[in-house]
Amino acid sequence: MKITFLGTGTSQGIPVIGSNHPVCLSNDPRDKRLRVSVMVQWDEYTYVIDCGPDFRQQMLANNVKKIDGILFTHEHADHTMGLDDIRPFFFRQGDIPVYAHERVLKSLKKRFDYIFANENRYPGAPAVIENIIENNKSILLGNLNVVPVNVFHNRLQVFGFRFEDFAYITDVKTVPETELSKLTGVDILAVSALRIEPHHSHFNLEEAINFINRVKPKKAYLTHISHLLGFHEEVEKKLPKNIFLAYDNLTIEI
Ligand SMILES: [Zn+2]
């Protein structure tokens, strides 16, 4: 299985438009972060988790020729606003499967009504195949059962996903005790860590590390990073030895 971090930034990305913050001005390519997304590939399958405003650029940067589906963690704009850019895949492959909580599908239908329309479709508009994700029900993707993990982003329900030995959980503030067993024995855990200071709907660095210590993966990667977390190089030096900062286009093979 190959994991590619397509984007590792928080909602505004790094650099933030117009910002003079030193991290936004950094020349280290690892301090340039597109909106958060990850690509999971195995055998002949390619799935992408979330489809934010940088989706087009992410697909180009990684020369992605085909996708088998898009999973959505939740409906926030930084995770969904690139959906129109599935068009090249749609033209080549036909309707693209999307997987999301019923609430998230409803929200996507409002914002992208033309994509979901059954009548009077605009020629050239992409189309999707809707798949509802329910908690405690695994999703068959290709030949793999993927386990949704139900977590909370302040009060908003969000899905994380476990693909065998890899789990991805972003935009999380609390993880119900009942969900922890779904992560037992995972080798690689990617989890969001926004910044140093606490935040009402995201793990800060300390909360992310505490969560990793409960799950006990072999290795963990932090993502959904704000410029307020600091310079990649400096933050990573201070992390426990099995925890790393993800960066855009980092790939991991499991
Ligand atoms: Zn987000």
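The values are calculated or read from the model by the stated rules, or taken from the named source; none is laboratory data. Keep in mind that this is a model prediction, so the values were computed, not measured. In this analysis, Cβ positions are derived from the backbone assuming ideal geometry, glycine residues included, and neighbour counts consider all displayed protein chains.
Among the residues making up region 199-212, a single one is under 14 Å from ASN242 (Cα atoms) and either within 16 Å of the ligand (Cβ to nearest atom) or not in a helix (DSSP H, G or I) (or both): ALA208.
Got a number for residues in region 131-177 being among the acidic types (Asp, Glu) and on the phi > 0 side of the Ramachandran plot? First the steps, then the outcome.
Step one: of region 131-177, the residues among the acidic types (Asp, Glu) are 134, 164-165, 171, 177.
From what's left, on the phi > 0 side of the Ramachandran plot: 164, 171.
So the count comes out to 2.
Residue count for region 25-59 satisfying the condition of being more than 19 Å from ILE14 (Cβ to Cβ) and without any contact (Cβ under 8 Å) to a residue 24 or more places away in the chain: 1. Is it the case, given these coordinates, that ILE196 is touching a strand residue (DSSP E or B) at 6+ places or on another chain (Cβ under 7 Å) and modelled with pLDDT of 95 or more? No.
Conditions tested, residue by residue: (1) crowded, with 21+ Cβ neighbours inside 10 Å; (2) of a type in the set (Gly, Ala, Ser).
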{"site": "LYS173", "(1), (2)": "yes, no"}
{"site": "ALA190", "(1), (2)": "yes, yes"}
{"site": "HIS199", "(1), (2)": "no, no"}
{"site": "LEU229", "(1), (2)": "yes, no"}
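In the set VAL215, VAL191, VAL235, only one residue is within 27 Å of ALA61 (Cβ to Cβ) and either hydroxyl-bearing (Ser, Thr, Tyr) or away from the ligand (no atom under 16 Å from the Cβ) (or both); that residue is VAL235.
When each of GLY82, GLY94 is tested for being surrounded by 14 or more Cβ atoms within 10 Å (Cβ to Cβ) and either on the phi > 0 side of the Ramachandran plot or without any contact (Cβ under 8 Å) to a residue 60 or more places away in the chain (or both), the lone residue that passes is GLY82. Summed over region 150-188, residues that are more than 16 Å from the ligand (Cβ to nearest atom) and either in a strand (DSSP E or B) or more than 18 Å from ASN213 (Cα to Cα) (or both) total 7.
Cβ-Cβ distances below 7 Å connect the following pairs, each with a first residue in region 151-172 that is touching a residue at least 60 places away in the same chain (Cβ under 8 Å) and over 12 Å from ILE49 (Cα atoms), a second residue that is away from the ligand (no atom under 12 Å from the Cβ) and among the polar types (S, T, N, Q), and a separation of six or more residues or different chains: GLN157/ASN150. For region 175-188, a tally of residues being surrounded by 15 or more Cβ atoms within 10 Å (Cβ to Cβ) and free of Cβ contacts under 8 Å to residues at least 60 places away in the same chain returns 5.
All conditions but one from (1) at pLDDT below 95; (2) surrounded by 17 or more Cβ atoms within 10 Å (Cβ to Cβ) apply to ARG121; the one that does not is (2).
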